[in-house]
Amino acid sequence: MIRSGRVLNPPELKLLTELLTKRFYDPNSQVFTAFLDVLPDFIIAYKRELNDWLYVLLTRLLIRLGSSDILDSVFKKLKQCLSIVNSSFDVHAQFVALIRFINDNSSAPSIKVKEILLRYFQQIIQHMEPVDITNNTDIRITLSKIINWSGEPKSVEMRKAAQAVILALHNLNRPEFNLMLMALPQNCQ
């Protein structure tokens, strides 16, 4: 249906995104691989209509990339999908989705997922403009979590990734970053 060129109406698109969301957790590797073959075409074809699905799409890709039991071929397909998301959606919208994911206390991402998330977050920050970052509660919570992650004793890679994000935020807008830092608890400064 996606590759046929037929344009989906909003209810069909909503139904399809709900079905695709379930495919992220499909235990059958053949079904999951077929899903990853179709997903890039779907994103490219409907990127303008998928802004409401960006959070789900981005978080599911990052979580699956951080899975310990994925094959190299699946990892490459996931990376390709993430690359297409990166180029298909507004950088600021991705930034907001990542902040929401980091601040979501109901999710407890593994160290590997956090590392992948931080590396992607750094990429996004490098494509942002200084006006894209403002000192608000959500970003301060995110910053305090990333500062805590920068001291993770179990993973050197995660510490490096967290430090790189902190530096990228600092370099993006030093005055705003300094205001955010001053508003954080003393142990985060």
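Based on the alpha-carbon gyration tensor of region 39-146 and its eigenvalue square roots a ≥ b ≥ c, which shape applies: rounded if a/c is under 1.5, prolate if not and a/b is larger than b/c, or oblate? In terms of gyration-tensor shape, oblate.
With R₀ fixed at 30 Å, the C-beta to C-beta distance from D41 to V91 puts the FRET efficiency at about 0.85.
Take the alpha carbon atoms of region 37-89, find their center, do the same for region 111-177, and report the distance between the two centers in whole angstrom. Region 37-89 and region 111-177 have Cα centres separated by 21 Å. Once the trypsin sites (Lys or Arg not before Pro) in DSSP loops with at most 16 neighbouring Cβ atoms within 10 Å are cut out of the chain, the longest remaining piece is 7-153.
Residue pairs exceeding 30 angstrom between C-alpha atoms, taken from K22/K154; K47/K77; K22/K112; K47/K112; K22/K76; K76/K160: K22/K154. Couplings 3J(HN,Hα) for region 139-153, derived from phi with the Karplus relation 6.51 cos²θ - 1.76 cosθ + 1.60 (θ = phi - 60°), are 6, 5, 5, 4, 4, 5, 5, 5, 4, 5, 5, 5, x, 4, x Hz, where x marks Gly and Pro.
Using the Cβ-Cβ distance between L71 and Q126 with R0 set to 41 Å, the FRET efficiency works out to roughly 0.90.
I want the local charge near E176. Using Cβ-Cβ distances under 14 Å, sum +1 for each Lys or Arg and -1 for each Asp or Glu among the other residues. Residues close to E176 contribute a combined charge of -1. Please list, in order, the residues from region 124-164 whose amide nitrogen is less than 16 Å from a point placed 7 Å along the Cα→Cβ vector of R174. Under 16 Å, as judged by backbone N against the label point of R174, lie 130-131 of region 124-164. Name the shape class, rounded, prolate or oblate, that the alpha-carbon gyration tensor gives for region 1-89, where a ≥ b ≥ c are the square roots of its eigenvalues, rounded holds for a/c under 1.5, and otherwise prolate holds if a/b is larger than b/c and oblate otherwise. It comes out prolate by the Cα gyration axes.
Readers should treat all values here as calculations from the given coordinates under stated rules, not as data from a laboratory. What you see is a predicted model; the values in this text were computed from it and never measured. Here Cβ is always computed from backbone atoms with ideal geometry, including for glycine, and neighbour counts include all displayed protein chains.
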